[in-house]
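Visitor: Quick one: the structure is below, and I'll ask about it shortly.
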Amino acid sequence: MESMGKKFRQLLKDEEYLFTGGVYSPLDAQIAERAGLKSIYLSGYSVAMANGWPDMGFLTMTEVTRISSMVQSAVSVPVIADADDGYGNALSTMRTVQEFIKTGVAGIHLEDQRFPKRCGHIAGKTIVSREEAIGKYRAAVDVRNRLDPEFVIIARTDAFGAVGGSLEEAIWRGRAYADLGVDLVWSEFSNASREPAVAFAKAMRQSHPDLPLAFNYSSSFRWSSDANPFLFRELGDLGYKFIFITLYAAHAGMYAVWNAMEDLVKNQEQAQWTLEKLKAGHPTESHHVMARVSHFQELEKLYIPGSEDRIKSSHGFDDHRAH
């Protein structure tokens with residue numbers, strides 16, 4: 001079986017820039033893959049919110065690794081998972097890297113916030129000292145090198161927007177983390193200005209010209225008529241080779257489900273009829289198709305005696321009869 005870490009590394013080399021939208025479930029990952037995305041980002045905020053919590057350090061490492069394993073098992077494209085702050089100190093991070101390697105995902109990102117972390121867009125962020133951060137990333141890289149050298153580690157710094165933070169501190173940390181052997185560096189900006197992102201990329205290129213950078217597109221701009229958002233190609237030219245819209249599936253899903261549920265409240269059965277008409281002919285029209293029922297029915301026929309006759313003699317979805 002091909003290493004997903006190796007696959008992700010090859011994509012970074014082959015693509016001018018690699019972009020994706022964040023997901024929070026295996027189904028969303030499968031939809032992203034079928035739609036044509038070449039990699040998947042498993043969003044920590046989205047996973048937390050989907051399970052009823054804000055992104056403020058409530059989920060545990062075992063919960064997130066379980067979901068990561070399910071997501072990567074559902075697709076054939078590499079998954080980068082959000083491993084927060086490693087769920088503790090350097091020694092906790094060592095186990096975190098080990099457990100994420102077991103999931104089969106291509107890699108993870110780790111941040112330098114103080115435990116318990118919070119989303120980079122939520123006020124009150126604090127970061128650990130330089131020394132503690134360096135120890136944590138060094139521990140993560142050592143475990144990676146020992147267990148799976150292809151496993152990707154992205155070092156994220158929240159130094160720009162944290163309490164007492166600055167662009168200069170983000171650059172210092174980005175360079176220090178790169179020196180330790182991480183594969184990509186990500187500075188979380190959480191503002192609507194181009195200048196810090198450009199300055200950070202130029203500084204990193206001066207010291208580490210071949211190191212790919214990661215960019216959280218969700219944090220760059222809130223769209224408005226007077227905004228001047230980056231194009232993906234611009235980011236790629238700056239050195240941001242992995243670009244992800246962290247909560248893309250969650251925002252799309254919340255919007256669609258809210259509208260559908262509100263329609264159901266107002267219009268009762270008419271809402272279901274409207275939804276069926278809306279989806280007619282769309283790739284997601286049949287939930288049986290999306291769940292790959294026909295594929296597993298074929299496996300039943302291959303491995304379980306009597307399956308073909310049982311399927312033919314009962315009512316329900318059968319791909320051969322459906323068409």
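Visitor: Is it the case, given these coordinates, that D210 is under 19 Å from I243 (Cβ atoms), at pLDDT 95 or above and among the acidic types (D, E)?
Guide: Yes, satisfied.
Visitor: Another question, then. Would you pick out the residues in region 287-305 that are in a loop (DSSP other than H, G, I, E, B) and loosely packed, with under 10 Cβ neighbours inside 10 Å?
Guide: P305
Visitor: Right, here's the next one. Could you please give the count of residues in region 73-83 that are touching a helix residue (DSSP H, G or I) at 6+ places or on another chain (Cβ under 6 Å) and either surrounded by fewer than 24 Cβ atoms within 10 Å (Cβ to Cβ) or of a type outside the set (A, V, I, L, M, F, W, C) (or both)?
Guide: 5
Visitor: Here's something else I'd like to know. Would you call S68 in contact with a strand residue (DSSP E or B) (Cβ under 6 Å, 6 or more places away or on another chain) and among the hydroxyl-bearing types (S, T, Y)?
Guide: yes
Visitor: Can you tell me which residues in region 52-61 are more than 16 Å from G88 (Cα to Cα) and modelled with pLDDT of 90 or more?
Guide: Matches in region 52-61: G52 only.
Visitor: Is it true that V64 is farther than 21 Å from D142 by Cβ, modelled with pLDDT of 95 or more and under 13 Å from the mean Cα position of the chain (by Cα)?
Guide: Here the answer is yes, as V64 does meet what is asked.
Visitor: Continuing with this model, one more query. Checking T284 against (1) farther than 30 Å from L11 by Cβ; (2) not in a helix (DSSP H, G or I), only one condition comes out false. Which one?
Guide: (1)
Visitor: While we're on this one: Would you pick out the residues in region 58-95 that are out of contact with any Leu (no Cβ under 8 Å at 6 or more places or on another chain) and of a type in the set (S, T, N, Q)?
Guide: Once the filter is applied, which keeps residues that are out of contact with any Leu (no Cβ under 8 Å at 6 or more places or on another chain) and of a type in the set (S, T, N, Q), region 58-95 yields T60, T62, T65, S69, Q72, S73, S76, N89, S92.
The values are calculated or read from the model by the stated rules, or taken from the named source; none is laboratory data. Note that the structure is predicted; figures quoted are calculated from it, not measured. Don't worry about glycine lacking a Cβ; one is built from the backbone with ideal geometry, like all the others, and counts go over all protein chains shown.
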